[in-house]
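Structure record follows, encoded as structure tokens.
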Amino acid sequence: MIWSFDIIVLIFLVIAAVIALSVRDLLASSMVLGIYSFLICILWAEMGAVDVAFTEAAVGAGVSTVIMIATVFQTTRKSKD
Amino acid sequence: MDVFLDFLIAKFNYWIYVILMMIGLFAMIAKNNLIKKLVGMCIFQTAIILFYVSIGVKEDARIPILTGHEVPHGGHYHTEDHERPYIDAKTVTNPIPHVLMLTAIVVGVSTLGMALAIAQKVHLHYDSLEEDEILAKLQLGNND
Amino acid sequence: MTEQFPILIIIAPLFGAILIALLGFRHQSLCLPTVLGSLAISCAAAVGTFLKVLEQGTVLYNLSGWERVTTPRGLFSVSIEYRVDAISGLVLVAIAAVGLLNAIYSKVHVVTETPNKVPHYYILYLLLVAGLAGMTITNDAFNLYVLIEISSLSSYALIAIGSRRAVLASFNYVIMGTIGASFYLLGVGYLYIKTGTLNMTDIHAALATLPKDSPSVQVALILILIGLWIKMAFFPLHGWLPNAYAYSPTATSTLMGPLVTQVMIYIMIRMMLSLFGAEYVFDHLQWTNIVVGLSVIAIVAGSLFALSRSDLRKMLTYLIVAEVGYMVGGAWLANSMGMTGAIYHILSDAMMTFTLFMVIGIIITRTGKTELTAFQGLFRKMPITMTGFTIAALSMIGLPPTCGFFSKYYLVRGGIEAGQWAYVGALLFSSLINAVIFFRLIEMAYFHGGKAYGEEITDKDHEHHHSRGRELDAQPDETLEQVPWSMLAPMLMAAASLLAIGIFNRPIAGWINAALETLNLAQGG
Amino acid sequence: MKPMKLAALLTVIVTGGLLLFATSDLPDWGDPLSPANASDLSTYYIQDSRDVTEVPNLVTAVLADYRGYDTMFETVVIFVAGLGILSILGQGKCEEPLAQPVASEQNRERDMITIITCRLVVPIIQIFALYVIAHGHYSPGGGFQGGVMLGSSFILIALTSGLPDALKRMSQERAIFLAGLGVLIYAGTGLVCMALGRNFLDYEILHKLMGGTGVKARYDSMLIVEIGVAFTVMAIMFIIYAVLSSKGRMRGGL
């Protein structure tokens, strides 16, 4: 186990989560959420959960981001908080 | 210092999962924008998945796909098939949390899709995604 | 064949839903027969399972065909299994029966309220019933989470299909519901990390070997309880419920009102008794006073909110909030009388709420009004409907021989035994409030003639109902029971079941007590 | 607005404190001897499941066989989500997309390069998806992952050539049919087991139909149910995208 790698990814995860929630542009927020999903997918691959990582890459980072962007496209990009 | 570092590292995943979960929970409750609430929901759910996957990690263990090269552990299996070594459970990651979390990821994306559809419908009806604006419109149009 | 009954309860609606998905979109006339047929099979299987449980005790059903594996520490389960005892048998019968009766009752509503989406509606409806039944029957902690999500996802959609307000209510429900389900999942995770298994029986056995004051087990219990409380709308966490039920389509609220909260309460009792164990929850933790205190607040607040509402469906939803307080409090009284009362009240409350929702649905359909004033002069116009209403109202107030009286009797006795006087007081207070609410309605329906009718119709409030209201206004003196029998018959059957559950209270309480004894909640202990 | 934030902060602090308090009681991260990792259940799956199912990927074995009932309902969750989204936002009727594109469709210039690249890539994605489904017994993958990839190949068509083009290949009605078919394959496998006199989803008995031994029957049935899962996931993932990207109108799109 490469715990230092693990810790770096985990810290990036927290940063990505905070950014995704604090950006006022919803499109950017969805994109950062995609980054968050990819980071966590790396983490799971590293922790030996290959099936979970594969699913997260396909579902979390792929489809979730796409449908979120589709919604932002159909509604509005601006957010007050 | 070393003791402290050991303590920190020993449960680091659990600390971070709590932090991520609380970020998500806070966003779900306090954010005003509906999409932001859903971003929070994603983070919240992933944090729980992180917790589960962390349960199953074993130090220096391989992924839960048996290729026949697992570390044998005393003797052989007493079946007809003598080639198969008896696998030491310590060397293979625990597969149960992975199975459970596959389900949880799928549930997560289903909930997200449903919630996004509802958010679009809200936008269709109220022309806004901000909770306070929608509530203000509701107060105005209470008598229609 | 009889050993396959438990699975039939769940897969009959599932296959019904699949059939509609495959054929129902082209041939919409197939939808309703499929729904009725599959729910009838489910209902019959539930009754069969229950009879079997009475005959031979707890029934286990192993899915995937893996036998329990023997280890030095004993048997453990490697796959998912079902476990039906007398209590879950009763709840299963109630779920299947309410599902079936409501499908008959709401066949008109579904077509009028969700045009173009009838097959969608029925698929979600069937899967909601399947999810609720699956939650009741499963003995696997994680499987329970999946089924909670199935019933929640289908109920989000079933609510959001309704009016403008319903959409927003549904969004709040999504957020709250996800928090609740995730907390439950997290609680299961804490149990898994301490015990290494997911089967409830095995978890219970493993917890017995752990040190009693393990913080993570306590936190697991707290998380599971909070998750389930959100889902059942226990008072401070009830925010999603009133709007969601009041603005959703009629068929949705008549199905969800009686079932969702009550099934969640059953799950909570299941978690307390068969997963953590009565000894741990009641004797070791000593949280009884806190939770009963919360339930007292829930009862009082729910009753007061109900009293202050003038919208019929809103009033009913707050009554549900109060009833949740009854059952949570009863379950936490820590004696078998209170627990019996709580479980008995799950049944009677399901049927009472069901009857009331159906009656109010009929009244709203016929008069086009959702206010309390809709009741004016209704005894003359709708004698049959009002008979059902009167029975349900008497039951809500708690007058014999309806089931509401007996459940309150058990709950009050449990409260006295446990010395929880605040809880007893809250029960009596709530009965008083119910009496005020319902006698006011009965009085309005009986004494106010039809003359107030014309004025009320000019109300600006309910434009979309006007046309139907006028139609009725044109002939105010007829005895207007022009409701199809498909609506009246289920309502009357539900009302009759209120009397039946009341009259047969002794055997039902006996079954519940026998099941509780196997769960180590001894008589009077 | 303020009190809401305060309440949220309070909730978060209390819950977070509770969880951190419990964390101190948890076994160390990565401990192979923690109760969860050294439990009978986990050891049984690692040591015995390959002998009785012939599947080296333990996750697939547990997912599709031991906890197959869970996975069936997981498929149903997807199915519910798709139908729920259609019923919330959809138009109701299952009509074919309009012949004339709407205004936003006409104005958009479709780039030839992306369309041709997409034409090249889509078959490759689909073949790889089929490989993922079929190879789930030996490597990471299976019905869900493959199904999502198949669904995303249709999403790719919708992104490059426009939603109507994709809907021509996978109309709303066909998608619902496929989703129902997927659940039917899964649940039907279970029903066949019941018809042969065993419990629901007890694949072992299927050797009477498929020949071979009970172990082989389990192996093959897992593949069958994974295919069912893939059908549902593929159809629903595309439908979710189609509905959400067009606000339920099923035309226009991104």
**Message:** Every residue in segment C:41-82 that is at pLDDT below 90 and among the charged types (D, E, K, R), please.
**Reply:** C:GLU55, C:GLU67, C:ARG68, C:ARG73, C:GLU81
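Suppose we filter C:THR373, C:THR355 for residues that are over 26 Å from C:ALA278 (Cα atoms) and surrounded by fewer than 24 Cβ atoms within 10 Å (Cβ to Cβ); which single one remains? Step through it out loud before you land on a result.
Details: C:THR355 fails: surrounded by fewer than 24 Cβ atoms within 10 Å (Cβ to Cβ).
Within the list C:THR373, C:THR355, the selection yields C:THR373.
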**Item:** Every residue from segment B:99-140 that is polar (S, T, N, Q) and either facing chain D (nearest Cβ under 7 Å) or in contact with an Asp or Glu (Cβ under 8 Å, 6 or more places away or on another chain) (or both)
**Value:** B:THR103, B:SER110, B:THR111, B:GLN120
**Item:** Within segment D:105-124, tally of residues that are modelled with pLDDT under 75 and either within 14 Å of chain C (Cβ to nearest Cβ) or within 21 Å of D:GLN172 (Cα to Cα) (or both)
**Value:** 1
**Asked** Among the residues of segment B:119-139, is there at least one that is of a type in the set (Val, Ile, Thr) and at pLDDT 90 or above?
**Response** yes
**Message:** Where the second residue is modelled with pLDDT under 90 and of a type in the set (Val, Ile, Thr) and the first is over 13 Å from D:THR11 (Cα atoms) and lies in segment B:14-26, which pairs have Cβ atoms under 6 Å and are six or more apart or on separate chains?
**Reply:** B:TYR14/D:THR23
**Item:** Residue that is in contact (Cβ under 8 Å) with a residue 12 or more places away in the chain, surrounded by 22 or more Cβ atoms within 10 Å (Cβ to Cβ), hydroxyl-bearing (Ser, Thr, Tyr) and within 11 Å of chain D (Cβ to nearest Cβ), where the choices are C:TYR122, C:TYR61
**Value:** C:TYR122
**Request:** Kindly indicate whether any position in segment C:12-24 is farther than 27 Å from C:ASN139 by Cα and of a type outside the set (A, V, I, L, M).
**Result:** yes
**Request:** Might you check whether a residue that is assigned to a loop (DSSP other than H, G, I, E, B) and within 25 Å of C:GLN4 (Cα to Cα) occurs anywhere in segment D:202-210?
**Result:** yes
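In the list D:GLY141, D:GLY151, D:GLY147, D:GLY136, which residue meets the criterion of being away from chain C (no Cβ under 11 Å), buried (at least 22 other Cβ atoms within 10 Å of the Cβ) and in contact with a strand residue (DSSP E or B) (Cβ under 8 Å, 6 or more places away or on another chain)? Working first, answer last.
Values: D:GLY141 fails: in contact with a strand residue (DSSP E or B) (Cβ under 8 Å, 6 or more places away or on another chain); D:GLY151 fails: in contact with a strand residue (DSSP E or B) (Cβ under 8 Å, 6 or more places away or on another chain); D:GLY147 fails: in contact with a strand residue (DSSP E or B) (Cβ under 8 Å, 6 or more places away or on another chain).
The match here is D:GLY136.
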**Request:** Quick one: count up the residues across segment D:50-94 that are assigned to a helix (DSSP H, G or I), among the small types (Gly, Ala, Ser) and within 9 Å of chain C (Cβ to nearest Cβ).
**Result:** 4
**Request:** Please go through segment B:90-122 and pick out each residue that is farther than 25 Å from C:VAL146 by Cβ and either β-branched (Val, Ile, Thr) or touching a residue at least 12 places away in the same chain (Cβ under 8 Å) (or both).
**Result:** B:LYS90, B:THR91, B:VAL92, B:VAL122
**Complete set of residues in segment D:211-254 that are under 18 Å from D:ILE88 (Cβ atoms) and assigned to a helix (DSSP H, G or I)** = D:ALA235, D:ILE236, D:MET237, D:PHE238, D:ILE239, D:ILE240, D:TYR241, D:ALA242, D:VAL243, D:LEU244, D:SER245
**Message:** Pairs needed: first member in segment D:163-174, surrounded by fewer than 14 Cβ atoms within 10 Å (Cβ to Cβ); second member anywhere, of a type in the set (Asp, Glu); C-beta distance under 9 Å; at least 6 residues apart or different chains.
**Reply:** D:LYS168/D:GLU96
**Odd one out for C:THR70, checked against (1) closer than 30 Å to D:TYR66 by Cβ; (2) more than 9 Å from chain D (Cβ to nearest Cβ); (3) among the β-branched types (Val, Ile, Thr); (4) in contact (Cβ under 8 Å) with a residue 24 or more places away in the chain** = (4)
**Filtered residues of segment C:78-119 (kept if in contact (Cβ under 8 Å) with a residue 60 or more places away in the chain, more than 24 Å from D:GLY68 (Cβ to Cβ) and within 14 Å of chain D (Cβ to nearest Cβ))** = C:VAL110, C:GLU113, C:THR114, C:VAL118, C:PRO119
**Message:** Looking at D:LEU191, D:LEU130, can you tell me which residue is more than 14 Å from chain C (Cβ to nearest Cβ) and either under 21 Å from C:SER79 (Cα atoms) or under 23 Å from the mean Cα position of the chain (by Cα) (or both)?
**Reply:** D:LEU130
**Prompt:** Within the bounds of segment D:34-43, is there any residue that is part of a helix (DSSP H, G or I) and surrounded by fewer than 23 Cβ atoms within 10 Å (Cβ to Cβ)?
**Reply:** yes
**Request:** Considering only residues that are of a type in the set (A, V, I, L, M) and in contact with a strand residue (DSSP E or B) (Cβ under 9 Å, 6 or more places away or on another chain), look in segment C:171-205 and name the one that is nearest to the other protein chains (Cβ to nearest Cβ).
**Result:** C:LEU198
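Which residue is farthest from the chain's Cα centre (by Cα), if the candidates are limited to segment D:14-23 and must be within 7 Å of another protein chain (Cβ to nearest Cβ) and either of a type in the set (S, T, N, Q) or surrounded by fewer than 20 Cβ atoms within 10 Å (Cβ to Cβ) (or both)?
Only one residue fits best here, namely D:PHE21.
The values are calculated or read from the model by the stated rules, or taken from the named source; none is laboratory data. It should be emphasised that the depicted structure is a prediction, and the values quoted were computed from it without experimental measurement. Please note: Cβ atoms are built from the backbone with ideal geometry, for glycine as well, and neighbour counts cover all protein chains shown.
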